Amino acid sequence: MSGNYFVNETLFEFGLQSTKSELDYRRRRNHCSARSNRSRAADTKQLIRKTKEIAGSASSTFQPRVVAEAFFASNHLMCTSTRHVTRIFFLVALVVGTGASPTCLASPGRINLLDPGSISPDDVEAIRSDIRLTGLDEPELLVKTRADEDYPGIAISAPAGGWNLTDTPIVEMTVRNLSDHSIDVLLTLANPGSDGRNGNSAEKLHVPEGESATLRLIVGVWYGSESRTFDPSQVARLSVIVDRSSRSHSFSILNIHATSPDEEIKPILQSDYFAQLKPFFGKGLNIGNTLDAPNEGEWGGTIHDEQLKLIRQTGFDSIRLPVNWSAHASNRPPYRIDASFKKRVKHVVNEAMKQGLRVVLNVHHYDEIFEKPRTQRERFLELWRQIASDYADYPPELAFEILNEPHAKLDSDFWNELLLDSVELIRQTNPDRWIVIGPVDWNSVRGLPALKLPQNDARIALTVHYYSPMEVTHQGAPWLDASAKKWIGTTWTNTLVERTRVQMDFNEALTYGYEHKVPIYLGEFGTYQDAPFDSRVNWTRAVVEEARRRKMGYAYWEFYSNFGLYDPEKKAWREPLKKAVLSP
C-alpha cells in the first residue's frame, strides 16, 4: 500500500463531542487495505455533503450523538479489498486525502476478520442459510439456518493474498444464540486448496439457549490438537457453520477478529501495577521429594546443607520447601506436630536463609483434607497455628504458602472459606508475612475464576502451577494411569500453537494478578525424566521466558529427583536444563 490517508481532527464547530484519542483508537484497531483515488474522493464528497445536510437542519437543541448515529445509519465510509471490508469511524470529522492511494492504519496486534459494523450482507456468502444485518449501536450479523442441511452457515473470503495470522494467532468469535435450544457453532479457517481437514483450523463453541459465548481458537488447532498441515500465513477463508440438524437455528455473530497474546495484555503491561511489580521471590527451586515424603529419605531424597549452598552459588534466589506436616502430627486434638520433625524443618529453613536464599514454606501432601475437607478443617487450622507461632519472629524473606494444590473434594466454595480462616489465623502472629495462595484444580489457571482472595491485605501473593501439556511434562510418570506410558516420545518444539498456549495461560494469571493487585508466583513447573531431553529444555525455556516477561517469580520442580535439574549420582547440574531455568 502506498500514499497517505489521514484525518483532520479539527471538527466542525457545531458541538460534535469527539476526541482525538477516540479517532486514534479507531484508526489503530481497524484493519483495511487500499482503494482507488476515485472511490476515496467520492466517499469524501458524500461524507462532507451528508454532514452539511445534517448540520444545516440542526436546531439549537442539536445533539451530536443523534447526528453521528443518523449519519452512520445512512453511510459507512469504508476501505475495501475484495470481500474484506472494515469501517473506519470518523465521527463526522473532515476527511483529507493526499497521494496516490490511501493507507489505513491498523494495529499490528489485531485484525478484524468479520465486523458486522463494517459489512453488508453482500460481503458474506450464505451457505444454505439466510443472513441479514441487525442493530445500530452494536451491529450483529443474523444467521438463520434451515433444517436438514449439511453444515449451513456463512463464509467470508480473505483479501487478495489471504490473511497472515502468524503474528495474531488467537481468533476470537462472539456469538449470541437466538434459538429456543442450545447450539454448537463451528469456526473454521482454511488455507488455499484445503480439503476440509488438511489445511484447516477449527474449533467448536457451545452456546446455551438465549446466551452469548466467545470462542478463542489458536490458529493451527484442529479441535484441540495441533494441525501440522495448516499454514497461518495463508488463510484464504473463514466459515461459521453448524452441524447438520433436523431443526433450524438462529444466531448472530457480534464479531470475529484475530489478536496476539501481547495485544491481550497490552493495557496491563502499560499499567502502574506492572511498572511497580517485582518477580515474587525471584528465581527459585523446589526441594521436592524430601520433607514432603511421609518420612525424609523414603522417596530417595535427603537435603543437605552443602546442597543449599550450591543452589545459592548457582544463581537461585529462593527455594520452595514442600513439607508434609500432616504425616507428623497427631490425629487427635490438640493435633501436635512432632517436635523432632519441627526441628528438622527449621534447620533447613535456617540453613537456606543463612545462604541468602528466601524460602516459601508450605503445607504439602495433606491428602486427608482433599477427601474429607470439613472434618479436617480444625486439624488443618491447628497445624497452621503451630507453624505460624514457630516462625513469627522470622524475617520477611520467609513466606507461608497455605496449601499445595487444592483438588478433589476440596472445592472452590470450601477452599475460599478455609483460606480466609487460615489468613486470619496467621495474621494473629505474623501480621506482615507474605502469604501465598493458589486456586483449586491443582493450582491451575483454570481454577482462577473461582478463587476469592482476602480483601485489604497487601501481603498476599497468587500462585499457579504449570504442567501443560501433560502429554509432554508427565509422559511415563508411574503415578498416573496407563496413558502416561503411551505419551512417551511426545515432543515439544516451540511451534506457534505450543508457544501461544503458554502465552494465553500466563495471560490468564497476569490478568488475575492485575485485577486483584497481587504479585504472581509460578510455584511449580517442570518435566518428568522420561520426556525427550530436547523437549524438556525447549518447554522449560519457553515457560521461563513467558513467566519472566510477565514479571512472575518462579520455582522449578524440582532439585534432584525425577524432574530434577541436578544429577545426584554424577553430582552435576543438567546444564541445558539448568540454563533454561536461569537464563536471563
Can you list the chymotrypsin sites (Phe, Trp or Tyr not before Pro) in the stretch 195-266 that are in a DSSP coil and have 16 or fewer other beta carbons within 10 angstrom? Y223
Amide N of the stretch 338-368 lying under 18 Å from the label point, which is placed 7 angstrom from the Cα of T375 along Cα→Cβ: 366-368
Find out how many positive minus negative residues lie around N289, taking Lys and Arg as positive, Asp and Glu as negative, among other residues whose Cβ is under 10 Å from that of N289. -4
Efficiency of FRET from Cβ geometry, R216 and D195, R₀ 25 Å, rounded to 0.05: 0.50
Under 18 Å from a point 7 Å along the Cα-to-Cβ line of R128: which residues of the stretch 143-185 have their amide N that close? 143-156, 183-185
quick shape note, the stretch 110-258: Cα extents on principal axes in Å, largest first -> 38, 32, 23
How large is Rg/Rh for the stretch 305-382, to two decimals, with Cα atoms and a Kirkwood Rh? 1.08
Filtering chymotrypsin sites (Phe, Trp or Tyr not before Pro) in the stretch 447-482 by DSSP loop and by at most 10 other Cβ atoms within 10 Å leaves W479
As I understand it, the dipole of the stretch 181-319 uses +1 on the Cβ of Lys and Arg and -1 on the Cβ of Asp and Glu, about the Cα centre. Which of F280, V219, T188 lies farthest toward its positive end? T188
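Within the stretch 512-584, list the trypsin sites (Lys or Arg not before Pro) lying in a DSSP loop whose Cβ has at most 16 other Cβ atoms in a 10 Å radius.
K517, K570, K571
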Amide H contacts of E203 (H built 1.01 Å from N, under 5 Å, at least 5 apart or other chain): L187, Y223
If a/c stays under 1.5 just call it rounded; otherwise compare a/b with b/c (prolate if a/b is bigger, oblate if not). Do that for the stretch 264-582, with a ≥ b ≥ c from the square roots of the Cα gyration tensor eigenvalues. rounded
Work from the charge dipole of the stretch 264-582 (Cβ charges, +1 for Lys and Arg, -1 for Asp and Glu, about the Cα centre) and give the residue of V440, H364, G315 farthest towards its positive end. G315
Ranked highest first by the average count of other Cβ atoms within 10 Å around their residues, in what order do 365-375, 111-121 fall? 111-121, 365-375
Would you grab the residues whose amide H sits under 5 Å from the one on K452? Only those 5+ places off in sequence or on another chain, please, with H modelled 1.01 Å from N. none
Between Y556 and residues 5 or more places away or on another chain, which pairs have amide H atoms under 5 Å apart, with H built 1.01 Å from N, and which residues are they? G284, L285, N286
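Computed from the coordinates by the stated procedures, all read-outs in this text should not be read as laboratory data. In this text the structure is predicted, and so the values were computed from the model without any measurement. FYI the Cβ positions are ideal-geometry reconstructions off the backbone, even for glycines, and counts take in every protein chain you see.
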